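Please treat every number below as a calculation from the coordinates, not as lab data. Nothing here was measured: the structure is a model prediction, and the numbers come from that model. Methodologically, a virtual Cβ is constructed for each residue, glycine included, from the backbone with ideal geometry; neighbour enumeration extends over all protein chains shown.
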Amino acid sequence: MEWSEFHRNKWKQATTFAWKNFTNPLVRRMFSFVTVLGKAALPKEKLQELSELVQDMKTTYSTAKICKYDSTQRRLPNGDYDYYADFDAEDNEIGCVPTLSLEPEVTQIMARSRDPEELRYVWRAWREAAGKPLRHKYIRFVQLANEAARLNGFEDAGAYWRSDYETDDLHKELQELWDVLRPLYEHLHAYVRKKLREKYGEKVVPRSGPIPAHLLGNMWAQTWTHTQDLTIPYPGRTSVDVTASLLRQGYMPLHMFRLAEEFFTSLGLDPMPLGFWQKSLIVKPTDREVVCHASAWDFCNGIDYRIKQCTRVTTEDLITIHHEMGHIQYDIQYRNQPFIFRDGANPGFHEAVGDVLALSASTPHHLQSIGLLENVDDSYETDINFLFTMALDKIAFLPFGYLVDLWRWEVFSGKTGELSLNRRWWELRLSLQGVSPPLPRDEDDFDPGAKFHIPANVPYIRYFISFIVQFQFHAELCKAAGHVGPLHHCDIYRSHKAGTLLRNVLSLGKSRPWTEALLILTSGKTSKLDVKPILEYFAPLIAWLKSQNRGEFVGWRVSEAIVQPVR
Ligand SMILES: O=C(CCC(O)(O)[C@H](Cc1ccccc1)NC(=O)c1ccccc1)N[C@@H](Cc1c[nH]c2ccccc12)C(=O)O
Ligand SMILES: [Zn+2]
């Protein structure tokens, strides 16, 4: 821990300068960053405890396993599900050996199973194995994280995190963005609820209540793309699920990475350096446990960059590869900045880069041009199918992307105390996302802990911001590429003009406030987050959903939840 002594001395030196009065804006900006020491400001034994807590929580999450579902057990005499049959008093599973990991087994079951009982079992078993055990550790972690934040001059860890956005009321700005996007989400929610009700019946899916969270194809109901076989508007028409094509053509993870790299180089951006291909870990090892949640690493020497991803040959993982490679491309573009400026203009920008390219790469025509789709027609139905699939990812995600840190900021600020952690989580899940738990929850549970970013202590509001700003990037790069026609048809592939504009923004790193980076991106048009591009992109779908939802209850009555969350 002597490193923090060294750090602390450097910090003391920097904080003794009256840097706030320096005239040179770049030097002043450098000092404003270097004087924030972060967790190293803690006394060394507390720093040690904090680091061990996060490590323990990440290990618990990454090694958690559950048992296979066995439909013969767990039945009450009347055939109903016996919530409590398969866990003992300490909520450990009885009579089975946990062998299924989150990736790939449990993720696959949540995506593919159409048996509500199996889905309910897996949904619960994961939270028993990964979330519940973390509750006490997380409470202690919050105390230490707040102490470190206060030592850096912030009132709590949430304020420290929000300072990355260099605005004095991020909360209000986000609420305004959500207020504009919420109606679009409610219409998608209403349509998907109707299609799920047609499949599972009204006893399982309420007509005007929240959607049970285990039926949406994802462990956290954060993206709904795996419901598309039940929800796609025009079945039988072109759909952009290319998993079958990838498998049929013998794609392996390495080919998928090469495919993504080629999109970046087609714009005139940099290829992945040699070391990337030698040192990245792109498939789940069979001989040891690794943290499978995808991540991208910059070793800060201008040549060593790596991705760690337990890649499967699926459309979803092809998108994730673009996402992770976007982080690496950003790292490469700002590598000549002074060290303190080698970061995203704000964390949302870093999350957006890869997704911007994926918006072009996901279009039916682009997929057809690289041989992953065939006989793509230009019909209205294909257009709506495509927009719907994109909305199952991008629109469905918005409330979840928003609520994770709404919950965490309230925990850091003390507004949510340790006796209502899970209650508050489900209040937000119900009111913002319109999803309910498939069985009752209580304060012994710790459902937020079953989502990677909570035990791993990775902020989440960055994804909400990314899902908005990536459409601003898409609109401007499409304009630079000379695209004409609807925004959702745009494909910037091979446009060096788009590539140059993107590079001009990325190479700044964090040397200028992100608002100035947006001015450069939009040629002076705006410096703020703007929902117009995402609304323009989905405009045809919004009209279609409104016509489909006539007669349908749009929104959700919390009282109609099949299961009231807190028993
Ligand atoms: O977590 C991720 C991707 C992982 C990451 O690339 O964002 C990764 C998270 C992480 C951070 C710190 C340690 C370990 C993992 N972030 C990075 O690797 C990273 C790299 C450089 C700078 C900043 C972050 N996505 C989120 C949001 C999301 C859902 N669906 C998506 C589809 C496309 C893109 C993102 C998402 C999720 O899975 O819930
Ligand atoms: Zn990311």
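Dipole of the stretch 251-326, Cα-centred, from +1 at each Lys and Arg C-beta and -1 at each Asp and Glu C-beta, to the nearest 20 debye?
Here the size comes out at about 200 debye.
Compute the distance in nm between two label points, each set 7 Å from the Cα along the Cα-to-Cβ direction, one at LYS172 and one at LEU26.
If labels sit at LYS172 and LEU26, their model points lie 3.4 nm apart.
Which distance in nm do the two modelled labels at ARG112 and GLU381 give, with both placed 7 Å along the Cα-to-Cβ direction?
That separation, rounded to one decimal, is 2.8 nm.
Which percentage, to the nearest 5, of the DSSP beta bridges contained in the chain is antiparallel?
Values: 8 of 12 bridges.
Approximately 65 percent, going by the DSSP bridge assignments.
Determine the relative contact order of the stretch 443-537: mean sequence separation of Cα pairs under 8 Å and six or more apart, normalised by residue count, in whole percent.
29 percent
Go ahead and collect, in residue order, the members of the stretch 384-421 whose backbone nitrogen is under 13 Å from a label point 7 Å along the Cα-Cβ direction of GLN143.
418
With the cut-off at 30 Å, tell me which of the pairs LYS65/LYS279; LYS308/LYS394; LYS172/LYS194 have Cα atoms farther apart than that.
On the way: LYS65/LYS279 28 Å; LYS308/LYS394 24 Å; LYS172/LYS194 33 Å.
Table pairs above 30 Å Cα-Cα are LYS172/LYS194.
Run down the lysines and flag those whose C-alpha is under 22 Å from the C-alpha of LYS10, throwing out any fewer than 8 positions away in its chain.
LYS20, LYS39, LYS44, LYS46, LYS510
Report the charge-dipole magnitude of the stretch 1-72 in Debye, nearest 20, computed about the Cα centre from +1 at each Lys and Arg Cβ and -1 at each Asp and Glu Cβ.
Here the stretch 1-72 has a charge dipole of around 460 debye.
For the stretch 1-74 and the stretch 460-499, what is the centre-to-centre distance using only Cα atoms, to the nearest Å?
Here the two parts' Cα centres lie 33 Å apart.
Just name one of GLY401, GLY434, SER413: the one whose Cα is farthest towards the positive end of the charge dipole of the stretch 370-499 (beta-carbon charges, Lys/Arg +1, Asp/Glu -1).
SER413
Nearest 20 debye, what's the magnitude of the dipole of the stretch 481-533 about its Cα centre given +1 on Lys and Arg Cβ and -1 on Asp and Glu Cβ?
Values: 8 positive and 3 negative charges, 23 e Å.
For the stretch 481-533, the charge dipole is close to 120 debye.
To the nearest 0.05, how large is the calculated FRET efficiency for GLU45 and THR16 if R₀ is 30 Å and r is the Cβ-Cβ distance?
Computed FRET efficiency for GLU45 and THR16 comes out at 0.70.
Please give the length that would be gained between GLU202 and THR59 if that part of the chain were fully extended, namely 0.36 nm times their separation in residues minus their C-alpha to C-alpha distance (nm, one decimal).
Fully extending the segment from GLU202 to THR59 adds 47.5 nm.
Within the chain, which cysteines find no other Cys whose Cβ is under 4.7 angstrom from their own?
CYS300
First check a/c for the stretch 119-220, with a ≥ b ≥ c the square roots of the eigenvalues of its C-alpha gyration tensor; if it is under 1.5, answer rounded, and if not, answer prolate when a/b is larger than b/c or oblate otherwise. Mind showing how you got there, number by number?
Values: a/c = 4.60, a/b = 1.53, b/c = 3.01.
It comes out oblate by the Cα gyration axes.
As an exercise, use a Förster radius of 35 Å and the Cβ-Cβ distance of GLU262 and SER527 to find the FRET efficiency, rounded to the nearest 0.05.
Values: r = 33 Å, r/R0 = 0.94.
It comes to 0.60.
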